[in-house]
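Working notes, structure below.
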Amino acid sequence: MRLDGIHHISCITGDAPANLDFYTRVLGMRLVAKSVNQDDPYVYHLFYADHHGSPGSDLTFFEYPGALPGRAGAGMVYQIVFRVGSSAAIDFWAARLAAEGVVTTRDGDTLDFADPEGLGLQLVVTSVPDAPLIADHPEIPREMALQGFDGVRAYGGRMTGSRRVLEEVMGAEPVGEQVWRLTGPARTGWIRFDAAPMEAGRPGAGTVHHVAWSTEPAEHELWVERLAMGGVSSTPVIDRHYFRSIYFREPSGVLYELATKGPGFTVDGPLEELGHHLILPPKFELRRKEIEARLTPLPDMAR
């Protein structure tokens, strides 16, 4: 059993309209699903990805309106790294983000910046063989577009335990100082742990909630057994409508999810219609009017 890179990354926003504008209009991602938190239906769950909503490109946000800014600390992911195809793409994004008033820092073929709520983002030119995961956008040529996740950076703590879980339980390969790579049949992704700041972390707007690693559907149940045999306490398999999930915290405190590659977002309807309508889990459908009335109004920016 091999984890097939990063499946998705879930974050927190306090302002869904601004979040939607930044990730779809500015960064060019596609809104592939507009749904709600299955544990709290009055909280949006927005999914941005490539055109097809592919695992490996899926960035999601829970909206808690007016949430105070968070701060990444020990046991939290603090930066999300996306791939782009060339140095010319870095040039393109440096100019595009500057035009939007976004402050960037460039170091060769990497570009660092943050979203409007302070979530750390980076673009990097890579040479991995993975297929690029691209969303169509009228202002962004395909050769300049984001190509999916490369990795994440987190603040560590109990690194002996984190290393053991990554290598002995999850099958990750150490590839550098505090960096581990998970490579499956189709994709690869990595996590790097850095020394935590002195200030304690605080969940809130602009922070990462969890990072999910991709699994084959046929192997998913076996991961519960493998985690237990490795001394890792996890949830049972949970049906999340678009995929099935297992959650656990690794020893430094980062919340991991193992998510299946399917069934995917087209369970809601044809590919062309993704993101245009609010999708509710079946158990909440009878409460649609009540739920819609309590959610933040959003413009239709699906493509």
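Using the C-alpha atoms of segment 112-161, what convex hull volume per residue, in cubic angstrom, is computed? If you can, show how the numbers build up before the last one.
Values: hull volume 7.0 nm³, N = 50.
Taking only Cα atoms, segment 112-161 has a hull volume of 141 Å³ per residue.
Along its first, second and third principal axes, ordered by size, segment 88-171 spans 44, 29, 23 Å in Cα coordinates.
Taking label positions 7 Å along the Cα-Cβ direction at both Glu177 and Ile238, the computed distance is 3.7 nm, reported to one decimal. Length gained on full extension, Arg294 to Asp91, computed as 0.36 nm times the residue gap minus the Cα-Cα distance: 68.9 nm.
Take every DSSP beta bridge with both residues inside segment 6-294 and express the antiparallel ones as a percent of the total, to the nearest 5. Mind showing how you got there, number by number?
Working: 48 of 72 bridges.
Around 65 percent antiparallel, to the nearest 5.
Charge dipole of segment 6-294 (Cα centre as origin; +1 on each Lys and Arg Cβ, -1 on each Asp and Glu Cβ, all else neutral): 480 debye, rounded to the nearest 20.
Quick check: convex hull over the Cα atoms of segment 1-108, volume per residue in Å³, rounded to an integer? All intermediate terms of the calculation are to be shown ahead of the outcome.
On the way: hull volume 18.0 nm³, N = 108.
Looking at segment 1-108, the number lands at 167 Å³ per residue.
Taking the inverse of the mean reciprocal distance over all distinct Cα pairs, the Kirkwood hydrodynamic radius of segment 251-303 comes to 14.1 Å. The alpha carbons of segment 1-52 occupy a box of 39, 29, 17 Å along the principal axes, longest dimension given first. Computing FRET efficiency as 1/(1 + (r/R0)^6) for Glu272 and Arg202, where r is the C-beta to C-beta distance and R0 is 35 Å, gives about 0.30.
If you bin all the Cα-Cα distances of segment 96-234 at 5 Å, starting from zero, the percentages per bin are 2, 7, 14, 18, 20, 17, 12, 7, 4, 1, 0. A Cα-only calculation for segment 131-199 places Rg and Dmax at 15.8, 47 Å.
Computed from the coordinates by the stated procedures, all read-outs in this text should not be read as laboratory data. Everything quoted here is computed from the prediction, not taken from an experiment. Every residue, glycine among them, receives a Cβ derived from its backbone with ideal geometry; neighbour counts consider all protein chains shown.
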